[in-house]
Structures are given as structure tokens and as C-alpha cells.
Amino acid sequence: MLRSALPICLCFPIVAWGQVTPPAALPRIDPEVLRALEASADGRVYVIVVLKEPLVPSGARWDARRAAIRAQQDVGLARLSLEDFEPAYRYRHFTGLTGKLTATGLAKLAACPVVEGVCAGKVGEFHGRSSAGFLGVTQAREAYGITGKGYAVAVLDSGVDTDHPDLIDDLLPGAWTFLDAGATSHVGAEDDLGHGTAVSGIITGAGNLAPMGIAPDAHAAEKYSGEAHVVNAQEILKTA
């Protein structure tokens, strides 16, 4: 009886070994960060810390996502002292941080389970403030006098900054918020994300602060849909 049971007992270590979870991948460290630290006079470099996406239920509202991002950032910062990392900015809609980092702080971030990577801060340069010329908009205005006058555009986005100098004279009354497939609906569509304001500026911006919009004389009717799957879009358009 003992001999027949022995092979079964020997199988247990093999099964247990096959169930071992492989170690998580280490964060990606930009080589430029290491080079910058070696060359830094004060031992600090400006970096962007990319964190792993938090688990957020499908269809969660933006405030829930922002709270999850904030909590993920707190986890990343918990291992660091102000000597290790001096935060400069905490993104609201992106799981990341920016700030000045030391070599000690880099080592701590590399061991943090929520860190996806650490990269060097880059300086960007714009080679043109507007694509209107490339799209032929300037030529259309000059040749045909087309400026959007007499037209209104319904913008289904995150609302609009109603005090923006480039948009304040072009907004039509009747802005509306339409969320949760209509379960949340009320007058007004103030932008709390910034995207709807940017899109409206591209369409009808006056050019006071940002580049002039494609149709600066058009008017905009703002609708805050807040969803990528608006199931009752026809009802929204009726109020435009």
C-alpha cells in the first residue's frame, strides 16, 4: 500500500511549483534619467513618473476615476520623502506625477509595485500654432468669405468654459448636461475636463488667446454628454 501511494505524493511538489506566479515586470527606467542624474550638480533631475492604471469599474463616472488616480498616486508617493522626490504636478486624468528626483528616490520607485516607468522630462517645441493654413481654411476665407456666419454647431463633449475670452461671444443659450444615458440631465454644461472647450475653440474660437477657429463667426450650442456611448443622441440634438 505504501509503495502505490508514493508516486502520488511525489506529484504534489510538481503541481505546487507549476502554480507559482511569475514576478511582476520591473518598471521601465529611461536611460536618459540615469545620465541626467550623473550629470546633475545637485543630484536631482526632473522626471515624469508613469503609474499603472487603477482598476476602475467599466462605466464609472469621471469623479470615481479621478479618485482612483489620486489613490494610485498616493501609493507611489508613500515610499518617498521630500528629499527623495519633490512633486511638481499630480495629473488629474492621467496616472502620473512629475517632479525632481534623486538616485535614492529612483531606486525606491523602481521597487514600487504601482510604478510603470520613470522617464526624463522633455521640452517640446511647437512649429505652428494652427493647422488652418494646411487645411485650406485661410484660402477659403479669403476667396469665398466663408467664416461660419449664420451657422450654429452643436458640440457634444465635456461642456465649455463659458467665461473663455475666445468663446464667450459665440455661445448660444440652452447649454445642457446629459449623463448616464439621460438619468442625469440638467441645464448648463460647464466644462470640468477642458476637452469640450478645446474642441469649441477649434470650431469657433475668436483668436484672442488661442489661434482663431475654423469658423470664428459661427455659434456653438454646448451639450455635456460625458459618455462615449450616448444611446439617446437624437434627444440631445433636439435641444441644440
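Nothing in this text is a laboratory measurement; each read-out follows from the coordinates by a stated rule. Given the structure is predicted, the values throughout are model-derived calculations rather than measurements. For neighbour counting, all protein chains shown are included, and Cβ atoms are generated from backbone atoms with ideal geometry for every residue, glycine included.
Mind checking the full-extension length gain between residue 56 and residue 154? Use 0.36 nm per residue of separation minus the Cα-Cα distance, one decimal, nm.
Taking residue 56 through residue 154 to full extension adds about 32.2 nm, to one decimal.
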note = Cβ density ranking, 10 Å radius, fewest first, applied to 219, 93 yields 93, 219
inquiry  = At a 10 Å Cβ-Cβ cut-off, how would you order 95, 104, fewest neighbours first?
reply    = 104, 95
inquiry  = Quick check: pseudo-label points 7 Å beyond the Cα along Cα→Cβ at residue 146 and residue 94, how many nm apart are they?
reply    = 3.4
message = On a straight-distance basis, which aspartates and glutamates could pair with residue 149 in a cross-link, Cα separation under 17 angstrom, same-chain partners fewer than 8 positions away excluded?
response = 166, 169, 170, 217
task = Quick one: check the C-alpha center-to-center distance for region 78-111 versus region 155-169, whole angstrom.
result = 34
